[in-house]
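Participant: Here's a structure for you.
Where a number appears in this text, it was derived from the coordinates with a stated rule and is not lab data. Since we're looking at a predicted model, the values are computed, not measured. Here the Cβ is made from the backbone with ideal geometry for all residues, glycine too, and neighbour counts use every protein chain on show.
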Amino acid sequence: MPDRIGVYPGTFDPITNGHLDIIQRACRVVDRLIVAVAVNAGKGPLFNLDERVAMVREDVAELGPPNGSIIEVRPFDSLLVHFAASCGASVIVRGLRAVSDFEYEFQMAGMNTRLNDRIETMFLMASEHCQFISSRFVKEIGFLGGDISSFVSPRVRARLERRWAALAKSKKG
């Protein structure tokens, strides 16, 4: 039987414990998971693509191979279905935190199916302890001095703190 390959796309600015939860759970249903880090300049990410890829690789390395699955981290800057097809993927994995996520993700899944009907979209509900975590909230809370240690790994927290310190220094200077 050929490997079941899935793609889990996102901006990962930064990667959170919620993302890691979806990665671990997706590995229960695919043999190989490609975590696809999107360029997504339109979102104005805090970290550049290379930094986000590095953060994801570091955090994923800590997971080890969940359920014997192989996890790869790759950047991408094309249509998601084109990227997934080029990887030989048959599944796109998307995480849902709340009902509010569903409408957008449902529309995106429909468009992706129209573009390539051989690639399925699989939705995974965020675990109860991760439903409220978003990269945007993590950045806001941390920037304003709140404790983000339960939302991201210590490495990611340290990177965020260094970035905010550099931004604050550049505004003063």
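Participant: Extending each Cα 7 Å along its Cβ direction at GLU140 and LYS169, get the distance between those two points in nm, one decimal.
Facilitator: Using points 7 Å along Cα→Cβ, the separation is 2.8 nm.
Participant: Below 22 Å, Cα to Cα, which lysines can LYS43 reach? Residues fewer than 8 away in the same chain don't count.
Facilitator: Qualifying lysines at Cα under 22 Å: LYS139, LYS171.
Participant: Still on this model: Label point 7 Å out from ASP3 along Cα-to-Cβ: which residues of segment 63-78 have amide N under 20 Å?
Facilitator: Backbone N within reach: 63-77.
Participant: Using the alpha-carbon atoms, what tilt in degrees (0 to 90, nearest 10) does helix 49-63 show relative to the longest principal axis of the chain?
Facilitator: The answer is roughly 70 degrees.
Participant: Testing the spin-label approximation: label points 7 Å from Cα along Cα→Cβ at ARG74 and MET108. State their distance in nm.
Facilitator: Between ARG74 and MET108, the label points sit 1.8 nm apart.
Participant: Counting helices only, and only those DSSP H runs with n ≥ 4, report the 222 nm mean residue ellipticity of the chain as the sum of -39,500 (n - 2.57) divided by its residues, in deg cm²/dmol to the nearest 500.
Facilitator: Result for the chain, helices only: -14000 deg cm²/dmol.
Participant: Okay, moving on. I need LYS171, LYS139, LYS43 ordered by Cβ neighbour count within 10 Å, fewest first. Intermediate results must be reported in sequence, preceding the final value.
Facilitator: Working: LYS171 7, LYS139 19, LYS43 12.
With the fewest neighbours first, LYS171, LYS139, LYS43 line up as LYS171, LYS43, LYS139.
Participant: Helix 154-172 versus the longest principal axis of the chain: what angle, 0 to 90°, nearest 10, using Cα atoms?
Facilitator: 50
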